[in-house]
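Written out below as structure tokens is the structure these notes cover.
What follows is calculated from the coordinates using simple rules that are stated; it is not laboratory data. Every value quoted in this text rests on a predicted model; they were computed, and no experiment measured them. In this analysis, Cβ positions are derived from the backbone assuming ideal geometry, glycine residues included, and neighbour counts consider all displayed protein chains.
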Amino acid sequence: MNATDQFRKWLQTNPGPWFIGELRIEPGYFLLHRKDSPQDPLRQLGSSEEFLGVVRGNDLQSFRPLRGAPGLSRGWKWGPLPLETLVLALRWAYPTALASWSFWKEGRLELTDASTVARRQTGLYETLKELTQEDWQRAVFRICHKECLRIPLWSPATQEVHETETTLPLLCPEPCHYLLTRARGDQGPKPP
Ligand code: SF4
């Protein structure tokens, strides 16, 4: 079963509203911020461009370099949407989230640990090979746990997934580029 079919089945099996990251999906399908209520006086988005503006910016309207980071603006709604558009919108908001969830449900989600990702790095990022397991754990605690809504499943981060009937977990199968950049920045300049 592909991710869209699995997601459709999940929606049909569990009564809404449904939640993914900071998004709330109301039956119909309407998308809004999870802290907003459909009864609130919300601004109706009229196009995918407007929704992209929401997911690319934050409350301060600045660029969100990490899509899993909290900070989506509130006060809008988009819908009713056909399922295909809803799936697209979720891909824009949280890239790869539906596919990772679908593979995970089937026990097929491949995880890549931090040391494997570090070994692949070249050029400026080659120094990541020097990080110890403790260094990675510190980076995970400081960045993944504090700045991101995704659940890192890779070693040495490994976190438990608590799934509920109406919340689709945001899974992270391998260290992302944002984390690598931050971890590299923490290493500081190399002595001459
Ligand atoms: S590596 Fe960490 S910061 Fe990056 S997406 Fe995964 S959980 Fe978020």
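Summary of values
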read-out	value
Other-chain or far-sequence residues with amide H under 5 Å of Ile151's (modelled H)	Leu170, Leu171, Cys172
Calculated on alpha-carbon atoms, Rg and Dmax of segment 18-114 in Å	14.1, 45
Calculated from backbone phi, Karplus (6.51, -1.76, 1.60) coupling profile of segment 172-182 in Hz, x at Gly/Pro	10, x, 7, x, 8, 5, 4, 5, 4, 5, 5
Summed residue charge, Cβ within 14 Å of Met1's Cβ, Lys/Arg positive, Asp/Glu negative	+2
Ranked list, fewest to most other Cβ atoms within 10 Å of each Cβ, for Val54, Val87, Val161, Val117	Val161, Val87, Val117, Val54
Within a Gaussian network of the chain (alpha carbon springs, distance under 10 Å), most fluctuating of Thr96, Thr122, Thr167	Thr122
Centroid-to-centroid separation of segment 1-71 and segment 137-189 [C-alpha atoms, Å]	21 Å
Cα long-axis angle, helix 3-13 against the chain (0 to 90 degrees, to the nearest 10)	50 degrees
Considering only the chain, percent of DSSP beta bridges that pair antiparallel, nearest 5	60 percent
Kirkwood estimate for the chain, i.e. one over the average of 1/r between Cα atoms, Å	18.0 Å
Order of Ser47, Ser115 - criterion: other Cβ atoms within 10 Å of each residue's Cβ, fewest first	Ser47, Ser115
Proximal lysines to Lys77, defined as alpha-carbon separation beneath 19 angstrom and excluding residues fewer than eight positions away on the same chain	Lys35
Whole-Hz couplings from phi, Karplus 6.51/-1.76/1.60, listed for segment 102-108; x for Gly and Pro	4, 4, 5, 4, 8, x, 10
Order of Ser37, Ser102 - criterion: other Cβ atoms within 10 Å of each residue's Cβ, fewest first	Ser37, Ser102
Kirkwood Rh and Cα Rg combined as Rg over Rh, evaluated for segment 110-187	1.00
Choice from Arg91, Arg182, Arg34 showing the highest fluctuation, given a GNM over the chain with Cα pairs closer than 10 Å	Arg182
Amide H partners (placed H, <5 Å) of Trp76, local residues excluded	His33, Arg43
